[in-house]
2 protein chains.
Amino acid sequence: MEQRVIDTLRRVFELNGFIGIETRAVEQGSSLLKKGETSKEIYLLSRLQEVGHESDTPVNDRLGLHFDLTVPLSRYVVEHSGDLAFPFKRWQIQKVWRGERPQEGRFREFVQADIDVIGNGDLPDHYEVELPLVMVSALEELRAFGLPKATVHANNRKLSEGFYRGLGLTDIEGVLREIDKLDKIGADEVAKLLVDTCGADEAQARACLELAELTAADGKELADKFDALCAAHGIAADSAAYMLARQGLDTLAMIVDEAALIRPGAVIADLKIARGLDYYTGSVYETFLDGAASLGSICSGGRYDNLASQGNRKYPGVGLSIGLSRLVSYMLHSAGAHASRVCPASVLVAVWNEQDRSAANLIANTLRSRGIAADVAPTAAKLGKQIKYADKLGIPYVWFPAGATDGDDTASDEVKNIVTGDQQPADPKSWQPDTVYARQTVVID
Amino acid sequence: MEQRVIDTLRRVFELNGFIGIETRAVEQGSSLLKKGETSKEIYLLSRLQEVGHESDTPVNDRLGLHFDLTVPLSRYVVEHSGDLAFPFKRWQIQKVWRGERPQEGRFREFVQADIDVIGNGDLPDHYEVELPLVMVSALEELRAFGLPKATVHANNRKLSEGFYRGLGLTDIEGVLREIDKLDKIGADEVAKLLVDTCGADEAQARACLELAELTAADGKELADKFDALCAAHGIAADSAAYMLARQGLDTLAMIVDEAALIRPGAVIADLKIARGLDYYTGSVYETFLDGAASLGSICSGGRYDNLASQGNRKYPGVGLSIGLSRLVSYMLHSAGAHASRVCPASVLVAVWNEQDRSAANLIANTLRSRGIAADVAPTAAKLGKQIKYADKLGIPYVWFPAGATDGDDTASDEVKNIVTGDQQPADPKSWQPDTVYARQTVVID
């Protein structure tokens, strides 16, 4: 199941020209600790021989497991900057680890699927609409596995920050943090928190909520409603705060309008999207599934201008990340997908007695050489037991080599579909399984 | 490169009916410490918050990274024994970690590719020839990437142990350890070590070396030569030691003869193969590449009867493991394979000016919907710069949307092969790239 999902995502990312990279799971503590907020969740490593002496080494000099794929990307880009063609579009699907106690629906170890585009010095803003669209088309492919329709909700940090500053607020991080709770605790509670913890008065708090609740059908309506809101709250069109907000607004309007042209309804403006991480500097995205509000965002990201740098050189980027383990877990439990421990083989070749095993191996090898996955019965047990083994493994066909079938001699090989009961003469050089019974590998822990 | 190698192995394993599993990288210390010899190389984990208090937790209760895929398989089989169909054939390709200082050609983190078959209570010995043959056919597929021919060298622990005991030796582990050095230090040095460290006299040491150097074309010759050797050293055919050796000999003879039927020359008897790990109880395998003796064994394994158990229930197994990172590294440096950071896209769609980007996106999406990986130029730069970008990424085709090409208007889209210089009118709904210029993703760290 997870493997099939990964294969699907990889195919879409490559169709869109993203280059696959894989980085080592182990990074220097000093790299891992750069990013702030999540640093508390890092797993550090120590060699067994060092037990009891771990503290001799400063955390920055120790090794740790990566907790996302953005920190490794940042290191990778700086290390390989001389060899890369920029903008560098990469996909990366790997395990990450967080040093937290495991709870229901959260794992210590999980798979993330990321796409990012990284510029050298600058990065055109058309990538801020292209990347969410690639993710939407990838998620669209997963609907074959029962995933509901996904919608990316976009906002822009500059828009929010400019508006808050225009209102006279200064604790921008704080306001974003409280607005982020809107869906969870409701407007009244958020207003209260804005007043209690962010230095807002009642009117400022209500204005923040009005912005968060602003909706628009297109870029034009978004701009008009935003300008009206600014006017209503006395934010002058020539103020620095308005100009900052307007920069974000123009990008967001472009995203909404461009996305509507290519894939209507896939990317919408949602001005309450805040994203906790402070390294986003422009667009921010969260992605929700129809009918799965409680799952929260399944794919998030944004634009960051300052993640990697090398001397004066900055590497701005836009990226989105799917929490794949959580998504697959949802698909298995709620979205009608099935996991079963099935064998990839289409055929089990029966063995009448151990002396015939070589003949059975030959049949299996002939099938394999034609791309048909085949297994050979583990022992020359009674036929019923061999069929039961195939059934337990989910192998749909059992092959009877020429010889005794149920006590009767058969002149030629025969193959039985154990699902339908149908049995036919067959030649390993030409027989084809019915595609309905083609097998897929399933990965389970 | 590595991704393509993994995909190839996976395909062969699945064609042979192996089920893919993936286990978490993090295991309990108590599981990791079971296996003895390599336990010193474990990486233990600690949460950042616990720094300075790591030693409060006994090593058995701490978490660590798996250092092979056999320990996790053992845990997996015991945990899922109720759901699995036995014999359970699984493939697993994952990273493993060893807490050793990195040296040239050895990594802290590397990928292993394992196949094992696990029985419930017992396991027929035909798997002891089937598993090395599956590995050989997988390695055979890698010859497309420049890998030389691989040969599995098989031996049997019971054969060696029975013979050594028949000679009157008791430090079996010690003798195996010294015999293992034969290729490295030569017969005279090994004889000296057998005398100095394993309690052997000159005659016993020479007998051990004679066994190690015994060669045979088939099972019959192997048995005849072995019997002659036993007779020469006074090992009686009715002794317990001989009977143990004979058990191993029969299995080894079966392996050599069966393998010769299916794939002549792929699996040979080599009585100096020892394998350091003490959990092997029967067949042991090492695999060497033609012309790459210095690389040592690239794929090793054997039969183990006591790896996993649950109460009285034993789960015997046969397995082989490829050290994939080392193999890929060899293929890149010595075997003529190439790694380059190339883009999976076949086509770069040029952009005349930013207003035309939507049209370029539409062309790219049409190509993608037909399975042709496509990228769009990052900026509406001069055409020469766009072609240079494609060239740097290894994208063979540049698509010119209808409009101005080099200042001349073109009525229809055209596509240029930047390798050959050929330029033709083209329709995104029907154009196909020349297969010679099809792209493959390359994974590099």
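All of the numbers you see were taken from the coordinates with simple rules; none came from a lab. What you see is a predicted model; the values in this text were computed from it and never measured. Cβ atoms come from the backbone with ideal geometry, glycine included; neighbour counts cover every protein chain shown.
Figures for the structure shown
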read-out	value
For chain B, built as a Gaussian network whose Cα springs stay under 10 Å, the top-fluctuating residue of B:TYR389, B:TYR43, B:TYR315	B:TYR389
Residue exposure sequence - B:CYS299, A:CYS198 - by fewest surrounding Cβ within 10 Å	A:CYS198, B:CYS299
Rounded, prolate or oblate (a/c below 1.5 giving rounded, otherwise prolate when a/b exceeds b/c) for the range B:53-169 by Cα gyration tensor	rounded
Residue closest to axis [chain B; rotation mapping onto A; Cβ; Å]	B:GLU54, 2
FRET efficiency, 1/(1 + (r/R0)^6) with R0 45 Å, evaluated for A:ALA260 and B:THR420 via beta carbons	0.70
Three-way shape call for the range A:347-437 based on the alpha-carbon gyration tensor, with the a/c threshold at 1.5	rounded
Sites B:SER369 and B:ALA144 - FRET efficiency at Förster radius 25 Å, r taken between beta-carbons, to 0.05	0.25
Cα coordinate range in the protein assembly as shown, projected on the principal axes (Å, largest first)	106, 66, 52
Nitroxide proxy distance, nm - points 7 Å out along Cα→Cβ at A:ILE185 and B:ALA237	8.8 nm
Label geometry 7 Å along the beta-carbon vector: A:ASP183 inter-copy distances in nm	5.8
Nearby lysines by direct alpha-carbon distance to B:LYS220 (threshold 21 angstrom, same-chain neighbours under 8 apart not counted)	B:LYS158, B:LYS272
Fewest-first sequence of B:THR23, A:THR215 by Cβ atoms within 10 Å of each Cβ	A:THR215, B:THR23
Distances in nm from B:VAL78 to the matching label points in the other copies, shortest first (labels 7 Å along Cα to Cβ)	4.4
Those trypsin sites (Lys or Arg not before Pro) in the range A:297-376 that DSSP places in a loop and that have at most 15 other beta carbons within 10 Å	A:ARG370
Across the identical copies, how the B:ASP196 labels are spaced - nm, sorted shortest first, 7 Å along Cα→Cβ	7.7
Charge dipole of the range B:150-289 about the Cα centre (unit charges at C-beta), most positive-ward option of B:VAL256, B:LEU214, B:ILE273	B:VAL256
Around A:PHE288: net Lys/Arg minus Asp/Glu count, Cβ-Cβ under 11 Å	-3
Least to most buried among B:SER325, B:SER430, A:SER309 (fewest other Cβ within 10 Å first)	B:SER430, A:SER309, B:SER325
Shape box of the range A:245-304 [Cα atoms, principal axes, largest first, Å]	33, 31, 16
Cα-based shape type of chain B, given that a ≥ b ≥ c are square roots of the gyration tensor eigenvalues and the cut on a/c is 1.5	prolate
Shielding by other protein chains, B:74-83, mean Cβ within 10 Å	1
